[in-house]
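Below is one structure, written out as structure tokens; comments come after it.
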Amino acid sequence: MSAVLAVLSKLPGFRLAEPGEYTKRAFENGRMDLTAVEGLSDLIRAETESQRRQAVGQAEGALRELYEAWARRITHARAMVEAELDFSDEEDVPGSVTDRIWPEMEALVRELSVHLSRAKAGEIVRDGFRIALIGPPNAGKSSLLNALARRDVAIVSDIPGTTRDIVEVRLDIDGHLVLLQDTAGLREARDEIEQEGIRRSILAAETADLVLELCEVRKTGDKPKATVPRGVKSIQLWSKCDLLRDGDVPGDGLLISSKSGDGIDTLLSEIGRAISDTTGNSGEILPTRERHVQYLGICQRELETAVNRISLPIEVRSEYLRNAAVALGRITGSVDVEDLLGVIFSEFCVGK
């Protein structure tokens, strides 16, 4: 391969392609939109089946089709406004056509709201489902991390406070990327380093999609209080259940043993269920990047203003509709030129 490239590079006009050059040319020549380019990039980096499915759908134009359909509805609404303003004397243009477009725009606002509410699910599929292991020292967090990863990732020791920093491992659970984080044991810090480790543990819990609260089954009194932030889903785990005496069951929670493997399959099923509850339908079209969310939010706000500010002149409300369409166009990279007249003429045969 190197020899072939060396020969080709000596020919007039031949050079190595720049990174992403073929994709960039496809975009510049209208063969791909920005969402498809991003989908192709995600596909190249996909580690799991759910990431592959989402990336393929986006690369094949699923997001583009949805956003362009919304943009066409806004363009049609703007065309009706322009028709009433500019061609109200034509017989083919019925009066008060704008009264019929606002319910359609209200429906679009609701669709945008539902779509934006699912943005977190798209982000989780793309970037990973974060799980934090939280609990006191020697609760078995590092052992559980190794058991789930099926390899020695974290140091396991009977000495309390062995883990001082976040240890993260990437797993594939039910076709989803999972970022599993082992954290420092929660207790009164003995030194500044441990104090910083505990601060990072709490931060990991606050930013996690799921928290696994570990406590050794023989030390139920060691369970930290109020370690899981409000609104974050958690599962209580009682570790080292292989050491449990008969009849000495601690209560609610899942009994596990990283040493014997007891309860691990059940835990994986619970994690899979939590991921499914968060990500929803695997075939759903979801925004996958912060850029999408920002422009969708602008589009929603502009539409809401156009719909709700009924006291504004119709020309001003039409401008809010234009801003909404521009925001959608910036997601796909195809901010449409004014094609309102084409819609008007096709709808009302003005000037026939």
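The values are calculated or read from the model by the stated rules, or taken from the named source; none is laboratory data. Owing to the predicted nature of the structure, the values given are computational and were not obtained by experimental measurement. Note that we place each Cβ from the backbone using ideal geometry, even for glycine, and neighbour counts take in every protein chain shown.
Couple of notes before you dig in:
- Wholly within region 1-58, helices (runs of 4 or more DSSP H) carrying at least 3 residues that are under 29 Å from the mean Cα position of the chain (by Cα): 21-28, 34-45
- With respect to the conditions (1) out of contact with any strand residue (DSSP E or B) (no Cβ under 6 Å at 6 or more places or on another chain); (2) under 30 Å from Ala36 (Cα atoms); (3) at pLDDT 90 or above; (4) in a helix (DSSP H, G or I), Pro287 falls short on a single one, namely (4).
- Some residue of region 234-250 being surrounded by fewer than 16 Cβ atoms within 10 Å (Cβ to Cβ) and modelled with pLDDT of 85 or more: no
- Listed conditions (1) at pLDDT 85 or above; (2) within 30 Å of Ala77 (Cβ to Cβ); (3) part of a loop (DSSP other than H, G, I, E, B) are all met by Gly261, apart from (2).
- Candidate set: region 162-185, residues that are surrounded by fewer than 23 Cβ atoms within 10 Å (Cβ to Cβ) and part of a loop (DSSP other than H, G, I, E, B); chosen: the one modelled with the lowest pLDDT: Thr162
- When residues of region 104-145 are limited to those that are in a helix (DSSP H, G or I) and among the basic types (Lys, Arg), the one surrounded by the fewest Cβ atoms within 10 Å (Cβ to Cβ): Arg110
- Residue tally, condition without any contact (Cβ under 8 Å) to a residue 24 or more places away in the chain and of a type outside the set (Lys, Arg), over region 264-276: 3
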